[in-house]
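One structure is given below, encoded as structure tokens.
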Amino acid sequence: MRYVIDGYNLLYALGLVQARMGPHGLEKARLALLGRLAASGEGAVTVVFDAGRAPPGVPAAQDHQGVRVLFAVKREADDLIEDLIGRDSAPRGLTVVSDDHRVRQAARRRHCPVLGCLDFIERLGRPTPPVGQPEEAPAKPSGVSRAETQHWLQEFADLANDPKVRAELNPGLPEDEP
């Protein structure tokens, strides 16, 4: 799968950026995000950051452990993301990750799949199935454990003596019979 990610948008959604950060805090947050994306095995990932907050002297394009990193020099990241979407030869195979309305709208115009940042974060937490194999549904529990059964029996023990409940559960018995 191929992704174009609005970098700072995802950083904020992950909670990696706070109001007060040390002198290299933003750079550390970017590296943490890039490391997480590289380790995710999500496929071809391009992350776009605004260059206004880029480290001094950083190139406009670089590779970080297989993740393509672009800094939008002399323009906004949203503009660069829109250009990437517009130039893509197979936009239906390019998933755009952003919470920005303008970016999401540009992706939809080209029929790109769109994921909000929180949806993408959730996807990162789940292992992806091998190509060609559908995701398996989680196994249905086969029953209730003995401890859980005892817990619920104790929780509702007082209902066994309630005449109204007994009448509902045993409609043929008189209310005073056990």
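The values are calculated or read from the model by the stated rules, or taken from the named source; none is laboratory data. This is a predicted model, so every value here is computed, not measured. Positions of Cβ are generated from backbone atoms using ideal geometry, with glycine treated the same way; all protein chains shown enter the neighbour counts.
None of Q150, Q105 is at pLDDT 75 or above, in a helix (DSSP H, G or I), more than 20 Å from the chain's Cα centre (by Cα) and over 24 Å from L26 (Cβ atoms) except Q150.
Taking the criterion of being exposed (fewer than 13 other Cβ atoms within 10 Å of the Cβ) and in contact with a helix residue (DSSP H, G or I) (Cβ under 7 Å, 6 or more places away or on another chain), the only residue of region 103-116 that qualifies is H111.
Among P91, P56, which is the only one that is out of contact with any helix residue (DSSP H, G or I) (no Cβ under 6 Å at 6 or more places or on another chain), of a type outside the set (A, V, I, L, M) and farther than 23 Å from L16 by Cα?
Residue meeting the stated conditions: P91.
Which residues, counting only those in region 1-25, are touching a Lys or Arg at 6+ places or on another chain (Cβ under 9 Å) and more than 26 Å from V114 (Cα to Cα)? M21, G22 - these are the residues of region 1-25 that are touching a Lys or Arg at 6+ places or on another chain (Cβ under 9 Å) and more than 26 Å from V114 (Cα to Cα).
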